[in-house]
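Report on the structure given below.
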Amino acid sequence: MALVPGLLLILAALHQESTATFPENSTGVHFIVAFPENIAYYHPDAPENKVQITALRYSTSVTVQAHIFHRKTKQLQAGETWVYDLDARMELSKSQMSNNTLQITSTKPVAVHAINLKKDSMQTALVVSANNLGTEYHIPPVPRIKGTTEPASSVTTDVTERGPFKLVIINSDKVNTVTLEGAVSNEVSLEPYQLAQFWVKESEAMRSVKAASPVAVLFGHPCAIVVNCTCGMLFTPLPPANEEKLKFFVPPILAKDAESETFLLLSDKASLVPFNADSSMVKASGTVLLYRPGMLLSLIPEEDFASCYILNHIPNINNYAVLVVHKDQTDGVRLGSNPLSSPKWQEMKGTDYVSTNIVLTAGKNIIWHTSSKMAVYFVGKKKLAVFGNPAPSISKTPDFRGCVLTPEVLEIGEVASGWPESVKYCREKNLQLISLNKDKLQKQVSARLSQTTDDKLKQVWIGLRRSSLTGEWYWVSKDPVTDTNWEQGEPGTVQDGQCAMMSLDTKKDFSWSDEDCCKTAIPVCYSGPVLLPVE
């Protein structure tokens, strides 16, 4: 891609990612949540449902509207999590239509994690922002669960444990018409923030949900058999439909101790694929869910891998993160500010990826990569219940300094001029002539420039020059001059040059030379990233 002079480069665009298809992250400022029936509406235990709302920026105002039951606003700081406990009446019953939706709005982006809990029946879900909802969803096949959906002849709407799977369709802020397409089609009209529930009956062969305006769709069962006639809630949000063939990677850790009972649910073929430890990748368009007893998990396609995730610890359960990382990039994974402590990487056969699981500590856990992208899942265990969800992704932009909220900005100047004019040019754009004071920054910027610059552009000004008073080199950022990348024989004497240029020739490894400050060249302007506090 040739760089147009003066083009502002946001680093997400450098990777040519389409936010229309793959959101940059799963955060936002508006969310709609519903809590499906857990076990059965007549169960004597009260639900303990809640949401974890984590702010990414300072001075974030968050408002929660729980239907007509409750409204509350709270101020959060960057990295702070608000655990909001729902009124028990917010849990859905068997009624097809309901207004029991939770609306979350904030002044700045937040991440939202939902927790459905009743006694020992527990499920968690990543809640995506309303801005990332879709108008079409593919319905996956129903998993074979002995005592619940198998044998098929025993499925009945009269017994919770043997009831059909359900779809919960949650409307956003517009009057909407939703159609369920299959052998038998259904249509329903929804008011803003209203929801509808449907049985997924084998005879109706439901294949897709289509809506006039964006909706969220949940798929699952209030009490699917886990083991020994013990049932538990089984629900997951579905991702919007996608017709492109994508790669999905299956960490063997997710099937541990249940390999023979683990299946992949492929919506594009309406098929169930048994877990295969010798083949950890599947290509599919649409939705791919992993099912094992107690867990229904939407897999993250490779195109949706991100560089930073945030996971909150849930008290009184075992909390884990499952990571999928390229086998050559494992050293770049960080938990908070530290590398992983002696991780045991497991080969994902038939792929270039490996996986591992790590124990999460109390509070928030920021998992990020210094130079690449990866997949991260939250997995929890509570007695017999095993559940999980894709972790909330914060950014797809890797950076050696931390978890990126706003990527660094590079801008190539429009006009060749002298070094002093270049300093002024950048400042007028609220940027700075780039200071490359760290070796890691030099490599990161060089890699991105090598992908984007015009081949005709050979040298650029950087923010390094000699002091006229002492003859010592200094950065315009006032950072100390420590890591340097001078070309062999450079720098010369004061008579040779007082300002630094960087070569864009990859064969010269983007090395520097000292030049006369009046020589004309294009400047590289820069501003650093905004990072999420990781501790």
Practice problem: Could you look through segment 273-292, keep only residues that are part of a loop (DSSP other than H, G, I, E, B) and without any contact (Cβ under 8 Å) to a residue 40 or more places away in the chain, and pick out the one that is surrounded by the most Cβ atoms within 10 Å (Cβ to Cβ)? | Solution: Phe275
Self-check item: Breaking point among (1) at pLDDT 95 or above; (2) over 20 Å from the mean Cα position of the chain (by Cα), for Leu218
Solution: (2)
Quiz prompt | Residue list for segment 176-187, filter: free of Cβ contacts under 8 Å to residues at least 24 places away in the same chain and among the hydrophobic types (A, V, I, L, M, F, W, C) | solution = Ala183, Val184
Exercise. For residues that are part of a strand (DSSP E or B) and buried (at least 21 other Cβ atoms within 10 Å of the Cβ), tally how many sit in segment 336-365.
Key: 5
Practice problem: For Ser154, indicate whether it is in contact with a helix residue (DSSP H, G or I) (Cβ under 6 Å, 6 or more places away or on another chain), in the same structural domain as Val64 (by TED's automatic domain parsing) and either farther than 30 Å from Ser59 by Cβ or at pLDDT 95 or above (or both). | Solution: yes
Quiz item: If you take the residues in segment 257-275 that are of a type in the set (D, E, K, R) and more than 24 Å from the chain's Cα centre (by Cα), which one is modelled with the lowest pLDDT?
Solution: Lys269
Practice problem: Provide a single number: the residues in segment 166-180 that are surrounded by 17 or more Cβ atoms within 10 Å (Cβ to Cβ) and either of a type in the set (D, E, K, R) or touching a Lys or Arg at 6+ places or on another chain (Cβ under 9 Å) (or both). | Solution: 3
Practice problem: State yes or no: is Lys508 at pLDDT 95 or above, out of contact with any Pro (no Cβ under 9 Å at 6 or more places or on another chain) and surrounded by 12 or more Cβ atoms within 10 Å (Cβ to Cβ)? | Solution: no
Exercise. With respect to Pro192, determine if the residue is at pLDDT 95 or above, buried (at least 16 other Cβ atoms within 10 Å of the Cβ) and either more than 26 Å from Ala130 (Cβ to Cβ) or not hydroxyl-bearing (Ser, Thr, Tyr) (or both).
Key: no
Quiz item: Limited to segment 293-315, what total is found for residues that are in contact with a helix residue (DSSP H, G or I) (Cβ under 6 Å, 6 or more places away or on another chain) and crowded, with 22+ Cβ neighbours inside 10 Å?
Solution: 0
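Residues checked against (1) touching an Asp or Glu at 6+ places or on another chain (Cβ under 9 Å); (2) surrounded by fewer than 21 Cβ atoms within 10 Å (Cβ to Cβ); (3) aromatic (Phe, Trp, Tyr); (4) farther than 25 Å from Leu311 by Cβ:
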{"position": "Met90", "(1), (2), (3), (4)": "no, yes, no, no"}
{"position": "Lys94", "(1), (2), (3), (4)": "yes, yes, no, yes"}
{"position": "Asn100", "(1), (2), (3), (4)": "yes, no, no, yes"}
{"position": "Thr107", "(1), (2), (3), (4)": "no, yes, no, no"}
{"position": "Ala111", "(1), (2), (3), (4)": "no, no, no, no"}
{"position": "Leu117", "(1), (2), (3), (4)": "yes, no, no, no"}
Quiz item: So which strands (runs of 3 or more DSSP E) are wholly in segment 120-213 and hold at least 2 residues that are under 29 Å from the mean Cα position of the chain (by Cα) and of a type in the set (Gly, Ala, Ser)?
Solution: 121-127
Practice problem: Only one of these is closer than 16 Å to Asp439 by Cβ, under 44 Å from the mean Cα position of the chain (by Cα) and aromatic (Phe, Trp, Tyr): Trp461, Trp475. Name it. | Solution: Trp475
Quiz prompt | Listing of strands (runs of 3 or more DSSP E) fully contained in segment 1-92 that carry 2 or more residues being modelled with pLDDT of 90 or more | solution = 28-33, 50-55, 60-66, 70-76, 81-85
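The values are calculated or read from the model by the stated rules, or taken from the named source; none is laboratory data. Predicted model, so just to flag it, every value in this text is computed and none were measured. As a convention, Cβ positions derive from the backbone with ideal geometry for all residues, glycine included, and neighbour counts pool all protein chains shown.
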